[in-house]
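The values are calculated or read from the model by the stated rules, or taken from the named source; none is laboratory data. Computed from a predicted model, the values in this text were never measured in an experiment. Please note: Cβ atoms are built from the backbone with ideal geometry, for glycine as well, and neighbour counts cover all protein chains shown. For accessibility, only protein heavy atoms count, side chains too; no ligands or nucleic acids. Shrake-Rupley method; radii C 1.70, N 1.55, O 1.52, S 1.80 Å.
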Amino acid sequence: MRFALIVTAALIFFLNSPAKAQQDELIDRTFSGVSKQTTPQGAKRDIQDQASQKVSEDLIKELIGEERFAKNKSLIQSRVIRNSQRYIPFAKTSEIAQEGEEFKMSVSLKVSLRDLKQLLQNSALLNENDAIPVVLPVITWSDKVKGHSYRWWIPSDKTQDQAFLVKEARLVEDALRGAFQKNNFYLVKPIEAGLIASVPSDFHSEKVSGEDAQFFAQMFNAPLLIDGQISLHKGEKENNYRIEIRMTALQVSNSRAIADVSRRYETESGTQEAAIDRKLREVAEATANDLSSQVLEAWQRGSLNTSVIRMKITGHSPLPQTEVLKEKIRSQITQVKNIRERLISSDSVSFELDASIPAAELLAKIEALDVNGKKLAKVSEGRDEIVLKWAP
């Protein structure tokens, strides 16, 4: 009885252990090689080394692109491929065969995509851009109590009431700079830098979006914008105030939101300026840190410089089959950085995928997947949406 309990406990530990979870993310790769080594033992080692090298190079190119791979080839070799045992835990060889002066052999490898990504990330190779990412805040300030507003890209009327908003905008600007700097992003401080002088009058609009956002991103070399609204209101109690903050980090190239924070704070009693200033000094840093951490997470996942592609599967999709499909996409299609379920019904299931390849190429890769012996077939395809069904 005691032995049975020990075996059961060990089995439960294995099924829930990190090692088991990691095995679920292993992908299979096969390599057939030739060696001119003079002995079977030497040829076997040579072909195994060739297999690790070739499979590593192919996967790394898929993850970071051909250009980035070529630019960092020596670093990748020394820091990543040289440590291939950390992400290739299993290798099985066929019988080695000699033909003339050559030896031939096949090698089947299991690769941990997660561990390979981690090595690339540790060497700052997984991010999509070598340069420090530049972030530009475009935050609207609205004083709903006194009826004033402030936007740094619109010339100021320099009233005393607006001067208070400018002061608080500088405070938030400083908090954002500090938070993003800790994560190796460079946040432009437009008020301090006096960027209003560089903005043509055609772009003195209340909302920076669409073509205006593209212009701002190009002018200030900032692929990321923080679209924000901070509004000041009368509070529920006498002589106190409410601060509402909403900030969204946008990837300008495709107007995609990658991070957002939304906060509401009540001040202590006092004069408007003193109460609001005191509360903002208390909460600005934590709010900025939250937004910066979300942007960093998206950057580390490689989700920046990707597009959102909707994928719909028509017909009934059993839950276990859907889960296997999601795992196959995560582990075997390296150009998919993230996948999220969006809608599940009795006759369809929809997802959003962050992908660095066009919809047509993504569709072909999904059709090639083997999902427990089942395949998906194309129904329709658009620029940012693909529809599939389970093949009979």
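For Asp370, the criteria (1) within 25 Å of Ile258 (Cα to Cα); (2) acidic (Asp, Glu); (3) over 21 Å from the mean Cα position of the chain (by Cα) hold in every case but one, which is (1).
When Val308, Val324 are screened for being of a type in the set (Val, Ile, Thr), in contact (Cβ under 8 Å) with a residue 24 or more places away in the chain and over 30 Å from Thr248 (Cβ atoms), only Val324 passes. I'd like to verify a number: residues in segment 324-349 that are open to solvent by less than 40 Å² (accessible area, probe 1.4 Å), under 15 Å from Ala364 (Cα atoms) and among the polar types (S, T, N, Q), how many? Qualifying residue count, segment 324-349: 2. Restricted to segment 77-90, and to residues there that are out of contact with any helix residue (DSSP H, G or I) (no Cβ under 6 Å at 6 or more places or on another chain) and in contact (Cβ under 8 Å) with a residue 40 or more places away in the chain, the residue that is most open to solvent (accessible area, probe 1.4 Å) is Arg79.
Identify the residue in segment 184-200 that is open to solvent by 90 Å² or more (accessible area, probe 1.4 Å) and in a helix (DSSP H, G or I) and, among all such residues, is farthest from Pro155 (Cα to Cα). Residue satisfying both the conditions and the ranking: Glu192. Just one of the listed residues (Ala298, Ala355, Ala359, Ala377) is open to solvent by less than 20 Å² (accessible area, probe 1.4 Å), of a type in the set (Gly, Ala, Ser) and touching an Asp or Glu at 6+ places or on another chain (Cβ under 7 Å), namely Ala359. Within segment 159-183, the set of residues being without any contact (Cβ under 8 Å) to a residue 60 or more places away in the chain and not in a helix (DSSP H, G or I) comprises Thr159 only.
Out of contact with any Phe, Trp or Tyr (no Cβ under 6 Å at 6 or more places or on another chain), of a type in the set (Gly, Ala, Ser) and modelled with pLDDT of 90 or more: does that describe Ala179? Here the answer is yes, as Ala179 does meet what is asked. On the stretch given as segment 230-271, residues that are under 30 Å from Asp384 (Cα atoms) and either open to solvent by 80 Å² or more (accessible area, probe 1.4 Å) or touching a residue at least 12 places away in the same chain (Cβ under 8 Å) (or both) total 16. Pick from segment 24-65 the residues that are of a type in the set (A, V, I, L, M), over 27 Å from the mean Cα position of the chain (by Cα) and part of a helix (DSSP H, G or I): which of them is farthest from Leu369 (Cα to Cα)? This residue is Ala43. Would you confirm, using the coordinates I've provided, whether Ala217 is surrounded by 14 or more Cβ atoms within 10 Å (Cβ to Cβ), in a strand (DSSP E or B) and in contact with a helix residue (DSSP H, G or I) (Cβ under 6 Å, 6 or more places away or on another chain)? So Ala217 fails the test.
The set of residues from segment 301-318 being open to solvent by less than 50 Å² (accessible area, probe 1.4 Å), modelled with pLDDT under 90 and in contact with a Leu (Cβ under 9 Å, 6 or more places away or on another chain) comprises Gly302, Leu304, Thr306, Val308, Ser317. Within this structure, Gln321 fails the test of being open to solvent by 20 Å² or more (accessible area, probe 1.4 Å) and within 24 Å of the chain's Cα centre (by Cα).
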